[in-house]
Each structure stands twice: as C-alpha cells, then as structure tokens.
Amino acid sequence: MVDDASAGDTVSVPAGTYPETVTVDKALTLVGPNAGLHPEYDSRGPEATLEGFRIGADDVSLDGFRVADGTKGVASVGSGSTWSSISVTHTDFDSLSEWPVLHGFGSGGGVGTKDWTVSQSRIANITGDNITGIVLFNVDGVTLERNHVEHATSGVSGRRGHNLDGCSDVTMTDCHVDMGLRSPSNSLASFNAARYSLQLSMSDQSVSDVHVCNNTFMGGYDCVVTLGNGDISDVELVNNTLTDNVIGVRPQAGTNSSTGSVSRFTIQRNDIADQVYGIFVDDGGSSGDPYTDFAANLNDLSGNDLGLLVQSGANVTDGIDAERNWWGDRSGADGNVADPDELASTKPWLRNEQAAGTVPGKGCLDD
C-alpha cells in the first residue's frame, strides 16, 4: 500500500497481522483501524499489527496501529537524518526488543530536526536490556501527550523511559511513566534495574524551553535527570507526581568534562514525597557547571529521607530559592535539608500539606 501511494496521500490499513517492517519514504498519513482510540484507556477493536515502521521522509503521520514482536518500533532511517513533522498517535507498542520510538540516536544525531509528536500511545513489555522507551535527539518542537509508558519488566536491566538530548520547545503533559521499582533503596541494584524516567540530556548539546506538566513518574532510580554538560535552560516541572523513585529531580548527574550550565530551572507545585531524595542539586562532578536562577517552590517534599540535598561544592551562582515548600512539619525544613554550603533559602515555608500544589502561582506554559 505504501509503495502504491503518492506523496500526500492518506492510506487506510485494515485490521490484520502484517509480519513486516514498513519503510515510509514519502509524505503519507497512515490510518489504522483504531485511529483515535487510546490503547490503554479506550476499548479498541481488531488491530493492524506490524513489526515496525522506518521513517524516511518528512510529513509522516501514523494513527491507530499496533507495533509488536519486532526490534525497533518507529525509527528514523539514518542516525543523522532530520526527518521532520512526524506524528505517532493512538499506537500500541508491545513486546519490542529495542527502542519503541527512536530518532537521531547518538550525540549530535538529527541536528536540524523539527516537530515530532508522540501522543495518546502505550509502550509496554520492552524485552531488551538498556533500552529507552522514547528517544528523540536534537528536535526543535517535541510534543509528548497522554502516553502510557510501562517499562517495568523486572528481568530487564538498564530500563529508561525517555531521552530528549539536545531538544528544544518540549512539552510533556498528562503522561504516565512506570519504570517498575517500588520503595527502592539507594543501591546499585536499583540503579542497574531502572535508571531514568525522563532524561533531558546526555551530551554537550543544549536543551531549552522544556515544559513537563501534569505527569506521573514512578519506579525509577532518577526520575527527572540531566546527564550531559551542555547548556540546560528554561526548564519547568509543574504539577507532576513523583513516587517510588530514589531521587525525584537531579540536574547535573553526569560528569562529562565540557563546560555547560543550568539556568532558569523551575520546580513548582509538584508532589515529590516519600522518596530517598526529593531534589538533589548535584555538584556536577569535575565540570562543576554553574546553576543560575534555580527555584523549587510550592512543592510537597515531605516523607523523603531528605527533601533537598545540595552537594558540597555545587557551583550555585545566586543561591537556591527553595521557599514556600511543605517539608512535612509546620516547623519547616529542619531535618529535611542537607546544605553544607548554605546555598538554599527555605524560609518562608508552607505550614500544611494541602497548600502544596494549590497555592496560586505560575502554571505550566504560562508567561
């Protein structure tokens, strides 16, 4: 059907099992029998099941398929390709051995790509080790909306949810991400099993204008993490629930040697309770990249071993605004903060749990 279609066509694919990987090398809209129906939250009929799609053109849309029992799911042809305006919606990724969604894999791959959307889809039962559910590198314009990502198979190691290295203009909303750990300890076993729910960098590529709002992240070692040493700027985490992780939010967990920075990083109105560390301001290893305009306000940081850990030697240029959080007690942050260099301001604080997440303030995507 793809071979016979012309660029710009819409192709309807009937239910059935197609034991093949289809290369889409022209601008097409491919519509499966369950277009418009979420694989996790809606009742779906018979599926059009394929082993995978390979993207080799701009302006490709996939809606309503099941992608199962293959290697990669939806993956670009060529690690350095810049295929743009790609949409994957209402698609069920099941029992793949490699990456369900993959574009631009590798440092610097895909530079110049624009506009990828993955929405209303489900990822489950990844069978390979060291695999990430959604990998989008160096894309300007990323939309992740209402996806259900369950990368929780206990026998699979090195599990990762999302890697958005080098991306800009990112919106992630209303997604559920479960990496499988429950009440994990700060141990090598936890780290080896399920590493990161949302990884915003891994190289020296810049990441900017990131909005992560109204999501649930659970069961990973690090929930939201940056690993590279590029410039990380204008990131906001708003109204998310983080649970059953070792560390809720940790910028600069990597130790790459190139110089970068973390600036205008906002953590607001999130539930980051009952973990080992709620917010971990890492010193960045040997690079010691500077933090500027780093703020965490109106969050529930109760029940963690430490709600806020600021490592000694962290290169914080203008202090950390950690005011107006709920620390688990009306008396404030005492006993819930480790800050040997006294870089964080925690006063005033919230005096009851109900205030966290409900106090009026800047909302996701608000100016």
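Could you give each residue of the stretch 24-35 its phi-based ³J(HN,Hα) in whole Hz, using Karplus coefficients 6.51, -1.76, 1.60 with θ = phi - 60°, and x for Gly or Pro?
Values per residue, Gly and Pro as x: 9, 10, 8, 5, 9, 10, 9, 10, x, x, 10, 4 Hz.
How long is the gain from residue 169 to residue 305 if the chain were fully straight, where each residue apart is worth 0.36 nm and the alpha carbon distance is subtracted?
Numbers: separation 136, 0.36 × 136 = 48.96 nm, distance 3.38 nm.
Length difference between fully extended and current span is 45.6 nm.
Using 7 Å Cα-to-Cβ label points, what is the residue 182/residue 331 separation (nm, one decimal)?
According to this spin-label approximation, the distance is 3.4 nm.
Any idea what % of Cα-Cα pairs in the stretch 109-161 are farther than 16 Å? Intermediate values should be presented prior to the final figure.
Values: 674 of 1378 pairs.
Every Cα pair in the stretch 109-161 considered, those over 16 Å come to 49 percent.
Give the cysteines in the chain for which no other Cys Cβ lies under 4.7 Å away, or write none if there are none.
Within the chain, the cysteines lacking a partner Cβ under 4.7 Å are 167, 175, 223.
What FRET efficiency do you get for residue 3 and residue 43 if R0 is 45 Å and r is their Cβ-Cβ distance, rounded to the nearest 0.05?
0.85
Using the Kirkwood radius over C-alpha pairs as Rh, can you work out the diffusion coefficient of the stretch 161-209 via Stokes-Einstein at 10 °C, viscosity 1.306 mPa s, in µm² per second?
The diffusion coefficient I find is 126 µm²/s.
Once the chain is represented by equal point scatterers at the alpha-carbon sites, with solvent omitted, what log10 I(q)/I(0) does the Debye formula produce at q = 0.06 Å⁻¹?
After summing over all Cα pairs, the log10 values are -0.22.
At q = 0.12, 0.15, 0.16 Å⁻¹, what is the base-10 log of I(q)/I(0) for the stretch 208-367 according to the Debye formula with one equal point scatterer per Cα and no solvent? Please give it to two decimals.
These q points yield log10 I(q)/I(0) values of -0.45, -0.72, -0.82.
Based on the mean of other Cβ atoms within 10 Å per residue, sort peptides 305-317, 268-280, 38-50 so the most packed one is first.
Per-residue mean Cβ counts within 10 Å order the peptides as 268-280, 305-317, 38-50.
Run the numbers for residue 54 and residue 145: contour at 0.36 nm per residue of separation, minus the present Cα-Cα distance, in nm.
Length gained, residue 54 through residue 145: 30.6 nm.
So how far apart, in nm, are the two label points at residue 25 and residue 338 if each is 7 Å from Cα heading toward Cβ?
Simple spin-label model gives 5.6 nm for this pair.
Viscosity 1.306 mPa s, temperature 10 °C: Stokes-Einstein D of the stretch 219-286 from its Kirkwood Cα radius, in µm² per second?
Here the translational diffusion coefficient equals 128 µm²/s.
Quote the convex hull volume per residue of the stretch 269-364, based on C-alpha atoms, as a whole number of Å³.
Hull volume normalised by residue count: 97 Å³.
Points 7 angstrom from Cα along the Cβ direction at residue 353 and residue 85: gap in nanometres?
5.0 nm
What fraction of the Cα pairs in the stretch 78-127, stated in percent, has a spacing above 15 angstrom?
52 percent
For all pairs of alpha-carbon atoms in the stretch 71-228, what percent lies in each bin of width 10 Å, listed from the first bin to the last filled one?
Here the calculated profile for the stretch 71-228 is 12, 45, 37, 6, 0.
Every number in this text was worked out from the coordinates using simple rules, so none of it is lab data. All of these numbers come straight from a predicted model, not from anything done at the bench. Ideal geometry is used to build each Cβ from the backbone, glycine not excepted, and the neighbour counts take in all protein chains shown.
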